[in-house]
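Undergrad: Shown below is the structure under consideration.
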Amino acid sequence: MTDLSPAGAKDAPVTDAAAAVTLARATGSAPARWTWGQIGLLVVLAVVVLFTVPNPSLAIGMLIFGLWAAGLNLLVGYGGLVSFGHALPFAYGGYAAGLVLKNVTTSAWVALFVATVSMALLSALIGAVCLRRTEVYFSMLTLAFAQLGFFIALQWNDVTGGDDGLAGVPVSTLELGFTTLELNGLRDPLTFFLVTAVIVLLTFAALILFTESPMGRVLQAIRESEERARGCGYNTRLVQLVTFIIAGAVAGLAGGLFAMLNNFVGLQPYWLLSGVVLIMVILGGRSSLFGPFLGAVLYLMLESTLSRYTDSWQFFVGAIFVICVLLFPQGLWGLLTTTVPHLLRRTRGAR
Amino acid sequence: MTGLILKAEGLDRSFGGIHAVKDVSLEVPQGALHAIIGPNGSGKTTLFNLITGHTKPGKGRVEFDGHDITGMPFAKVARRGLAKSYQITTVFPLLTVFENVRIAAQAASHANVFWRPADSIKAVTRRTDEVLEKIGLTADRDAIASNLSHGDQRRLDLAIALATEPRLLLLDEPTAGMSPSETASTVELVRELNREVTILMIEHKMDVILSIASAITVLHQGEKLFEGAPDEVKSHPKVQEVYLTGSL
Ligand SMILES: Nc1ncnc2c1ncn2[C@@H]1O[C@H](COP(=O)(O)OP(=O)(O)OP(=O)(O)O)[C@@H](O)[C@H]1O
Ligand SMILES: [Mg+2]
């Protein structure tokens with residue numbers, strides 16, 4: 001799986017951009033913009049997940065992975081910066097939250113705050129290095145950092161638990177002023193789901209706001225032509241760095257939530273997910289933030305369904321991914337929002 | 001309208017064995033429409049790149065509005081009020097025409113924040129509409145930039161530069177590849193823009209520039225061959241020779 005993703009991810013931007021141009025040419029207008037509506041769509045998706053996914057920890061995982069993938073798409077889709085190492089901030093967030101819960105306090109606020117903020121700071125350092133290069137060299141640097149992180153996690157036994165990981169992360173508590181909730185994913189999954197949903201929704205809305213902000217718009221302009229953005233006077237490196245920090249912080253938050261859900265942090269699966277989260281992004285489509293969220297939900301659904309029937313489910317997930325990229329490089333959400341309306345218009349026009 | 005907005009002294013640059021720009025000095029007064037002409041490969045674009053910081057000069061110095069900007073990064077030069085349009089069209093291909101120009105207008109407004117929606121900044125959208133109107137792209141505002149015709153993309157390139165509200169506008173062959181009628185309307189546009197902004201413009205077609213320029217610099221094989229008013233340039237024997245025979 002992880003072997004498949006880099007190749008797929010590397011090819012996809014080219015075909016995707018080409019497809020977008022072809023499509024834009026054909027329709028002669030910008031693809032439909034669903035900017036603010038995406039928040040509403042996410043509420044709907046969360047409700048659907050809550051009522052249709054029988055396994056509660058899978059449902060919660062969908063929210064967490066969805067947020068993580070949406071954050072990554074800031075870099076990939078909006079910034080044109082394909083990170084091959086987005087497992088790093090997720091895993092780091094997991095360890096950070098896990099260590100706080102185990103050693104300092106069981107407050108979810110503190111654990112998530114530490115995971116998010118310290119990952120933001122770390123992202124500033126990593127981003128400053130990775131963004132010295134562009135395109136595939138940027139991707140390679142992010143991959144290198146993720147590898148580095150993996151080996152630190154493996155070797156630094158005293159802190160990370162090495163191969164065994166951090167087991168026995170205690171159940172966290174969430175102080176809300178008027179009451180204190182216990183976030184126990186096993187005993188009270190509904191509370192955990194609802195709390196996660198609120199955190200995820202608020203973060204997602206903030207990300208949408210960012211993409212529509214002046215800086216978010218500049219990010220997209222840089223993807224189109226960094227030279228021209230510089231010519232307008234923008235500090236393009238800074239805009240990209242801010243984006244890198246936001247994507248890192250969001251991944252740190254997601255990793256922290258995942259640690260709280262599983263009461264465990266370890267090499268598996270955290271460090272193995274750089275490729276998976278990229279697949280989620282590309283499967284769902286890179287032209288929106290909702291797309292990758294949908295991609296994450298579908299991926300996890302596919303994985304859990306297939307793994308019930310066969311041990312070699314990874315093979316089938318990979319095959320389905322390849323077929324999807326070949327058939328609709330703009331992703332599922334891209335397919336639904338641009339190609340389908342376009343086809344409808346054409347058939348209506350033909351009649 | 002007094003004083004120099006741009007002053008280049010002894011700019012010099014070689015690429016390997018090619019001496020692209022040889023000891024060229026240039027003075028552009030406020031409000032001028034200064035043209036640079038010369039045959040292919042005579043170093044016009046390289047001279048622009050030396051001014052904008054795209055290429056570091058081997059020797060020489062550039063002053064913009066009284067400040068030394070030699071070798072300063074392009075983005076910084078741009079923030080000081082120097083904008084450039086490109087010989088090879090450079091726009092944001094998959095963004096709409098409106099967004100292409102809006103991004104540039106936003107840069108001038110210094111509203112590079114992230115807590116409010118970009119489209120809600122009225123001054124920026126107003127400025128964008130204004131520029132589109134002036135350049136004549138209002139009808140195409142919602143089109144994707146890469147779908148525009150070549151001529152319209154050239155004009156969009158110019159619109160982006162203009163929207164940054166520059167004090168000096170560098171235009172690198174704005175009429176390149178345009179039809180005669182498109183060329184004529186672009187020349188007229190440049191003349192109009194010059195009422196508000198100082199322009200330094202590279203042009204290949206000599207007839208185009210003679211009618212509108214306030215001063216002309218002729219480059220040949222990287223060297224300044226001649227400089228003067230349009231009618232002087234036209235009648236100068238060396239310039240005629242270069243233009244008639246293609247090279248000396
Ligand atoms: N980055 C570079 N590396 C090597 N040689 C270069 C570079 N840039 C320009 N040159 C060379 O310098 C010379 C001048 O090129 P320049 O592009 O400045 O000419 P120009 O006057 O703009 O020509 P044109 O009218 O064709 O646009 C040419 O011989 C060109 O090959
Ligand atoms: Mg040139």
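The values are calculated or read from the model by the stated rules, or taken from the named source; none is laboratory data. Computed from a prediction, not measured in an experiment: that's the story for all the values here. Methodologically, a virtual Cβ is constructed for each residue, glycine included, from the backbone with ideal geometry; neighbour enumeration extends over all protein chains shown. Just so you know, the surface numbers come from the protein's heavy atoms only, side chains and all, with ligands and any DNA or RNA stripped out. Shrake-Rupley method; radii C 1.70, N 1.55, O 1.52, S 1.80 Å.
Undergrad: Give, rounded to the nearest 20 debye, the magnitude of the charge dipole that segment A:14-350 has about its Cα centre when Lys and Arg contribute +1 at Cβ and Asp and Glu contribute -1 at Cβ.
TA: My answer is approximately 1140 debye.
Undergrad: Which whole-Hz couplings ³J(HN,Hα) result when phi for each residue of segment B:178-188 is put into the Karplus expression 6.51 cos²θ - 1.76 cosθ + 1.60, θ = phi - 60°, listed in order with x for Gly and Pro?
TA: Coupling constants for segment B:178-188: 8, 6, x, 6, 4, 4, 4, 6, 5, 4, 4 Hz.
Undergrad: Take the eigenvalues of the Cα gyration tensor for the protein assembly as shown, scale each by 5, and report the square roots as semi-axes in whole Å, largest first. Walk me through the numbers before you get to the answer.
TA: Details: eigenvalues 575, 130, 88 Å².
Result for the protein assembly as shown: semi-axes of 54, 25, 21 Å.
Undergrad: Leaving out same-chain residues fewer than 8 places away, which aspartates and glutamates sit with a Cα under 12 Å from that of B:LYS238?
TA: Answer for B:LYS238, where 12 Å is the Cα cut-off: B:GLU227, listed by chain and number.
Undergrad: Can you tell me the dipole magnitude for segment A:29-174 around its Cα centre, using point charges on the Cβ only (Lys, Arg +1; Asp, Glu -1), in Debye to the nearest 20?
TA: With Lys and Arg at +1 and Asp and Glu at -1, about 360 debye.
Undergrad: Rolling a 1.4 angstrom probe over the protein chains, ignoring ligands and nucleic acids, what is the accessible area of A:LEU261 in square angstrom, nearest 10?
TA: Around 10 Å² of this residue is reachable by solvent.
Undergrad: For segment A:114-196, what is the Kirkwood estimate of the hydrodynamic radius, computed as the reciprocal of the mean inverse distance between distinct Cα atoms, to one decimal in Å?
TA: Values: mean 1/r = 0.0623 Å⁻¹.
Roughly 16.1 Å, rounded to one decimal.
Undergrad: Let me ask another. Quick one: accessible surface of A:ILE152, probe radius 1.4 Å, all protein chains present, in square angstrom to the nearest 10.
TA: Surface accessible to solvent at A:ILE152 totals approximately 90 Å².
Undergrad: Continuing with the same structure: Given a 1.4 Å probe and the protein chains all in place, what does the accessible area of A:PHE315 round to, in Å² to the nearest 10?
TA: 140 Å²
Undergrad: I need the GluC sites (Glu not before Pro) found in segment B:145-248, filtered to DSSP loop residues with at most 15 other beta carbons within 10 Å of theirs.
TA: Of the GluC sites (Glu not before Pro), the ones in loops of segment B:145-248 whose Cβ has at most 15 other Cβ atoms within 10 Å are B:GLU196.
Undergrad: Whole number please: convex hull volume per residue, Cα atoms of chain B, in Å³. Working shown, then result.
TA: Numbers: hull volume 32.6 nm³, N = 248.
Cα-based convex hull of chain B, divided per residue, equals 131 Å³.
Undergrad: Is the C-alpha gyration tensor of segment B:70-124 telling us rounded, prolate or oblate? Criteria: a/c under 1.5 is rounded; beyond that, a/b larger than b/c is prolate, otherwise oblate. Intermediate results must be reported in sequence, preceding the final value.
TA: Details: a/c = 2.55, a/b = 1.31, b/c = 1.95.
Cα axes put segment B:70-124 in the oblate bin.
Undergrad: Same structure, new question: Determine, from the Cβ-Cβ distance of A:LEU272 and B:GLU196 and an R0 of 56 Å, the FRET efficiency 1/(1 + (r/R0)^6), rounded to the nearest 0.05. The partial results should precede the final answer.
TA: On the way: r = 59 Å, r/R0 = 1.05.
Result of the calculation: an efficiency of 0.40.
Undergrad: Take the Cα of A:ASN103, step 7 Å along the line toward its Cβ, and report every residue of segment A:50-93 whose backbone nitrogen sits under 12 Å from that point.
TA: none
Undergrad: Show the residues, 5+ positions off or on another chain, whose built amide H is closer than 5 Å to the amide H of A:GLY285.
TA: For A:GLY285, whose amide H was placed from the backbone, the distant partners under 5 Å are A:LEU332, A:TRP333.
Undergrad: Let me ask something else. Of B:GLU9, B:GLU133, B:GLU99, which has the most accessible area with a 1.4 Å probe, and how do the rest follow in descending order?
TA: B:GLU133, B:GLU9, B:GLU99
Undergrad: Name the residue farthest towards the positive end of the dipole of the protein assembly as shown from the options B:GLN153, A:LEU101, B:GLN30, assuming +1 on Cβ of Lys and Arg, -1 on Cβ of Asp and Glu, about the Cα centre.
TA: B:GLN153
Undergrad: To continue, here is another question. When the dipole is taken about the Cα centre of the protein assembly as shown, and only Lys, Arg (+1) and Asp, Glu (-1) are charged at their Cβ, what size is it in debye, to the nearest 20?
TA: Once rounded to the nearest 20, the dipole reads 440 debye.
Undergrad: If I fit a long axis through the Cα atoms of helix A:236-262 and take the longest principal axis of the Cα atoms of chain A, what angle between them do I get, 0 to 90°, rounded to 10?
TA: Around 50 degrees separate the two axes.
Undergrad: What's the FRET efficiency of A:GLU175 with A:VAL43 using the Cβ-Cβ distance as r and R₀ = 25 Å, to the nearest 0.05?
TA: So the FRET efficiency works out to roughly 0.50.
Undergrad: Still on this model: From the mean inverse distance of alpha carbon pairs (Kirkwood) and the Cα radius of gyration, derive Rg over Rh for segment A:160-275.
TA: Working: Rg = 18.9 Å, Rh = 17.0 Å.
Expressed as Rg/Rh, it is 1.11.
Undergrad: Return the sequence-ordered ³J(HN,Hα) values of segment A:302-313 in whole Hz as given by the Karplus equation 6.51 cos²θ - 1.76 cosθ + 1.60 applied to θ = phi - 60°, using x for Gly and Pro.
TA: Running phi through 6.51 cos²θ - 1.76 cosθ + 1.60 with θ = phi - 60° gives 4, 4, 6, 5, 5, 5, 6, 9, 9, 6, 9, 4 Hz.
Undergrad: Determine, from the Cβ-Cβ distance of A:THR310 and B:SER149 and an R0 of 51 Å, the FRET efficiency 1/(1 + (r/R0)^6), rounded to the nearest 0.05.
TA: After rounding, the FRET efficiency stands at 0.40.
Undergrad: Give me Rg over Rh for segment A:237-351, both radii from the alpha carbons and Rh done the Kirkwood way, two decimal places.
TA: Reported Rg/Rh, Kirkwood definition of Rh: 1.07.
Undergrad: Placing one identical point scatterer on every Cα of segment B:93-165 and ignoring solvent, what is log10 I(q)/I(0) from the Debye formula at q = 0.12, 0.17, 0.18, 0.22 Å⁻¹?
TA: Cα-only, vacuum Debye calculation for segment B:93-165: -0.28, -0.55, -0.61, -0.88.
Undergrad: For A:TRP271, A:TRP36, write out the residues from largest to smallest accessible area, computed with a 1.4 angstrom probe and no ligands counted.
TA: A:TRP36, A:TRP271
Undergrad: Also, I was wondering about something else. Alpha carbons only, please: Rg and Dmax for chain A, in angstrom.
TA: 19.9, 71
Undergrad: Sequence-distant or interchain residues sharing an amide H contact under 5 Å with A:PHE84, placed H: which?
TA: Long-range HN contacts for A:PHE84: A:THR142, A:LEU143.
Undergrad: Sticking with this one: If you average the sequence gap of Cα pairs under 8 Å that are 6 or more apart and divide by the length of segment B:93-165, what percent do you get for the contact order?
TA: Values: 79 pairs, mean separation 38.7, N = 73.
Contact order relative to length: 53 percent.
Undergrad: Right, something else. Have a look at A:GLY285, A:THR173, A:ASN184 and report the one farthest towards the positive end of the charge dipole of chain A, computed about the Cα centre with Cβ charges (Lys/Arg +1, Asp/Glu -1).
TA: Checked the options; the winner is A:GLY285.
Undergrad: Ok, one more. Mind jotting down the three principal axis lengths of segment B:1-144 based on Cα atoms? Whole angstrom, largest first.
TA: 49, 31, 30
Undergrad: Let me ask something else. Can you tell me, using C-alpha contacts under 8 Å and at least 6 residues apart, the relative contact order of chain A as a whole percent?
TA: Across chain A, relative contact order equals 33 percent.
Undergrad: Could you grab the relative contact order for segment B:90-248? Cα pairs under 8 Å, six or more apart, rounded to a whole percent.
TA: It rounds to 19 percent for segment B:90-248.
Undergrad: Still on this model: Divide by every residue of chain A the summed helix terms, -39500 (n - 2.57) for each DSSP H run of at least 4, and state the resulting mean residue ellipticity at 222 nm, rounded to the nearest 500 deg cm²/dmol. Intermediate results must be reported in sequence, preceding the final value.
TA: Details: 16 runs with 252 residues, N = 351.
Dividing the helical sum by the residues of chain A leaves -23500 deg cm²/dmol.
Undergrad: Sticking with this structure for a sec: Taking +1 at the Cβ of each Lys and Arg and -1 at the Cβ of each Asp and Glu, which of A:PRO341, A:SER307, A:TYR137 sits farthest along the dipole of the protein assembly as shown towards its positive end, judged by Cα position relative to the Cα centre?
TA: Of the listed residues, the answer is A:PRO341.
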